[in-house]
Amino acid sequence: MPALPNSHEALLKNRNLLRGHLAVIGMVDPALLSLLPGRGLTISEHFGNYQQLLAVSSWSAAFGYDAPELSPGTADTLVVFLPKARAELSIRLELALWLAAEGARLVLVGEKKEGIAGAVKQLKELAPQASKADSARHCQVWQADSLPRRPAFDLQRWRQWHPVESAGIGFSVAGLPGIFSDGELDYGTAMLLQTLASSSLEKGPVLDFACGAGVIGTWLQLLQRARGQDVFPVDGVDVQFQAVACARATYQEAGVDGVIHASDGLSGVDGRYTTVVTNPPFHTGVRTDTSMTEQFLHGVAKHLEPGGELRLVANAFLPYEALIRRHVGPVRAIAGDRRFTVWSARRH
């Protein structure tokens, strides 16, 4: 069996801390579950990970922090792994306190390089009696007993609204901790929007792959509306719970149309589109990882109408041109600078 992440190995070394019904928040490798004592619920904000968790027998799984499977006062031990974004930790800790049964224990696990020292400060603000249980595998394991339980948990407490404007089209975008480019219009998306303003798309439905908070789909429909053009819905798909939740909220606030749903890559996408637009991710944590985009390029053509367009923005150093040409069709750069390139390709 492949090695587990360090944080998972550190938890296993301290499995004696786990008792009763478990709730595990933020686990990244489902192989951990079969090695834990007891059973319970696991919660993931990554849809692909969630789908894997559903297949683990004797455990239940929830996608995101407001899933219907979550019930207060049901867990005897709460395991919280550190998220990539420290701001997201406050959500996980508050959720854990709401899920906690009377006399429950919380176990916090994280690597030193992930910022466990700062995370412990957050934990102690909620549970001053927290103490270090172990240091192992470049990680620390902390425990807190007799938790201060929460009578309610409302994810909207963390939702914030931010103004976005491009080419004279402005609107509000929903944000949650952990979402990409929270609170600002990132440079790559801004460049992509500029090309959409100057080079109109063919009439027809659009898919926004890796849609984030729904910026592209909202802006495009508002632009068409402002120009008196036919307005076509823009569907959105993303693997992250926060993105799906925020995109739905952004669409609703702006009064635009389109289905936003969770999917690991294109696996959950049906049908064909006249245009697919995307500012795809290329990081896993701090490491460059283009595998998701490469998988997307392998499969996107079957979701494009014949002659349909793929419009993609990416960092200029990423080697996407040949992949786009091979899997989609003729490709050209329609905008770019030293940092980013916007590619346009037509399906063969």
Which one of N16, N315, N49 has the biggest mean-square fluctuation once the chain is modelled by GNM with Cα springs under 10 Å? N16
Can you run phi through the Karplus equation (6.51, -1.76, 1.60; θ = phi - 60°) for the stretch 151-168 and list ³J(HN,Hα) in whole Hz, with x for Gly and Pro? x, 8, 9, 10, 4, 5, 4, 9, 6, 10, 10, 10, x, 10, 8, 8, 6, x
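Can you tell me what the convex hull of the Cα atoms of the stretch 197-257 projects to on average, as an area in nm²?
In nm², the orientation-averaged hull projection of the stretch 197-257 is 3.9.
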Quick check: at a probe of 1.4 Å, how many percent of the accessible area of the stretch 162-313 sits on carbon and sulfur atoms? 48
Global form of the stretch 65-140, assessed from the alpha-carbon gyration tensor, a/c cut-off 1.5: prolate
If you average the C-alpha positions of the stretch 241-266 and of the stretch 177-232 separately, how far apart do those two centres end up, in angstrom? 13
Report the local net charge at I260: Lys and Arg +1, Asp and Glu -1, summed over other residues whose C-beta lies under 11 Å from its C-beta. -3
Quick check: from the Cα gyration tensor, does the stretch 239-282 come out rounded (a/c under 1.5), prolate or oblate? oblate
Rounded to the nearest 20 debye, what is the charge dipole size of the stretch 198-320 about its Cα centre when +1 sits on each Lys and Arg Cβ and -1 on each Asp and Glu Cβ? 180
Just add up the charged neighbours of S7: K/R +1, D/E -1, any other residue whose Cβ is under 10 Å from the Cβ of S7. -3
Expressed as a whole percent, how much of the Cα-Cα distance distribution for the stretch 1-57 exceeds 15 Å? 46
Send over a whole-number figure in Å² for the accessible area per residue of the stretch 205-348, probe 1.4 Å. 42
Rounded to the nearest 0.05, what FRET efficiency is calculated for R332 and A85 with R0 set to 56 Å and r the Cβ-Cβ distance? 0.95
Report the charge-dipole magnitude of the chain in Debye, nearest 20, computed about the Cα centre from +1 at each Lys and Arg Cβ and -1 at each Asp and Glu Cβ. 620
Count charges around V342 for me, please; just the other residues with Cβ under 14 Å from its Cβ, Lys/Arg as +1, Asp/Glu as -1. 0
Helix-derived [θ] at 222 nm for the chain: sum -39500 (n - 2.57) over DSSP H runs of at least 4, divide by residue count, nearest 500? -8000 deg cm²/dmol
Roughly what % antiparallel, to the nearest 5, for the DSSP beta bridges in the stretch 199-316? 10
Shape call for the stretch 1-107 from the C-alpha gyration tensor, a ≥ b ≥ c root eigenvalues: rounded (a/c under 1.5), prolate (a/b greater than b/c) or oblate? rounded
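The values are calculated or read from the model by the stated rules, or taken from the named source; none is laboratory data. Every value quoted in this text rests on a predicted model; they were computed, and no experiment measured them. Cβ atoms come from the backbone with ideal geometry, glycine included; neighbour counts cover every protein chain shown. In case anyone asks, the SASA skips ligands and DNA or RNA and just uses the protein heavy atoms, side chains included. Shrake-Rupley method; radii C 1.70, N 1.55, O 1.52, S 1.80 Å.
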